[in-house]
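Asker: Attaching a single structure in structure tokens format; questions to follow.
The values are calculated or read from the model by the stated rules, or taken from the named source; none is laboratory data. Only a predicted model underlies this, so the values are computations on that prediction, with no experimental measurement involved. Using ideal geometry, Cβ is built from the backbone for each residue, glycine included, and neighbour counts are taken over all protein chains shown.
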Amino acid sequence: MNSGSPVDAGTPLDATRDRLEVQGITVHFGGIVALDDVSLAAPARQVTGIIGPNGAGKTTLLNVLCGFVRPTAGSVSFGGRELNRIRPHDLAELGIARTLQGIGLFSGLSVIENVMVGATSLAKAGFWSGLSGLPRSDADERRLRDYSQRALELAGIGDFAEAMPDMLAHGQRKRVALARALVARPRLLLLDEPASGLAESELAELDGLITGLAKQCTVVVIEHRMDLMMSVCQRIFVLDFGKVIASGTPDQVQADPAVTAAYLGTDVVQAVSESGSGSTADATEPTMSTPQAKERAGD
Ligand code: ATP
């Protein structure tokens, strides 16, 4: 039984069970090919990064993994189980959680209530009664609250449990959103731009947090902040115009000319070398100056 952190499912690493496989995913939106035969794997209990210029298809890929977007072709499996007919409300039961770029907290609920909402889906799935060994009852709510408090603490926002989301700074709200994902005890955690809007000084903590989470679940992260990605990811896949143009360790990706060509002027190497120099989020976000980039920007 789990008595530790919310993501600690109390199970030993099972490399097959916790591995994500994406095979030949293609997504069309009308005439737009958002993803074109994308294949990748996210090994168990590692941080796998997906990067790429704006419009490369990163969010679409995450949406496919969550069942928000149905691919035109290809397959997704997690732990050997095909997820092709997955619907968003199946995610908790499958052990998959995602944070949203837009945070998506309920402003009328306190911080801890927002996190409890994340666990309610588990209650429906029989999780809480399974955990306690008892039928569901009002007493479960106390456990749910304790559990949610632990998730908030894990996300470094435990002191704000009774606050309303609107009282919090952007970075703090992001932590609440992360806690809400963690309380679902995911085996696969999908992080959508976790660093967006965070101050430079908050990045080191986020780095430590993501690294710690990967000890307990498989993590897939989309992020524009190269400094963070180069630090936390074991493996990175680079998308451009819906295709995987490079993959490998952060060092390999950083040295790949195709990656440099996909990003403009400020190439990945430069963005990394600038990290830690007090540059702002916007300054470390690679921009594009290639012909493709100009095409995207409508130049
Ligand atoms: P960003 O970093 O700017 O968030 P991204 O890499 O996440 O970009 P996506 O948002 O996945 O890229 O978009 C990939 C392509 O699919 C883009 O050309 C985009 O305009 C298009 N697209 C995404 N969602 C839709 C949609 N619902 N309908 C039509 N086109 C879409």
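Asker: Sort out which residues of the range 27-45 are surrounded by fewer than 17 Cβ atoms within 10 Å (Cβ to Cβ) and within 14 Å of the ligand (Cβ to nearest atom), and write them in order of number.
Answerer: If the condition is that a residue be surrounded by fewer than 17 Cβ atoms within 10 Å (Cβ to Cβ) and within 14 Å of the ligand (Cβ to nearest atom), then 28, 29, 30, 31, 32, 33 are the ones that fit.
Asker: Moving on to the next point. What pairs come out if I take residues in the range 15-34 that are modelled with pLDDT under 95 and pair them with residues that are charged (D, E, K, R) whose C-beta lies under 8 Å away, six or more apart or interchain?
Answerer: Here the result reads 17/187; 18/45; 18/187, each pair linking the range 15-34 to a residue that is charged (D, E, K, R).
Asker: Filter the range 59-80 down to residues that are loosely packed, with under 12 Cβ neighbours inside 10 Å and among the basic types (Lys, Arg), then give me how many there are.
Answerer: Residues flagged as loosely packed, with under 12 Cβ neighbours inside 10 Å and among the basic types (Lys, Arg) within the range 59-80 amount to 0.
Asker: Which count do you get for residues in the range 58-84 that are out of contact with any Asp or Glu (no Cβ under 8 Å at 6 or more places or on another chain) and within 15 Å of the ligand (Cβ to nearest atom)?
Answerer: Matching residues across the range 58-84 total 12.
Asker: A further question follows. Within the range 46-57, can you find the residues that are within 6 Å of the ligand (Cβ to nearest atom) and surrounded by 23 or more Cβ atoms within 10 Å (Cβ to Cβ)?
Answerer: Of the range 46-57, the ones within 6 Å of the ligand (Cβ to nearest atom) are 52, 54-57.
The answer is 52, 56, 57.
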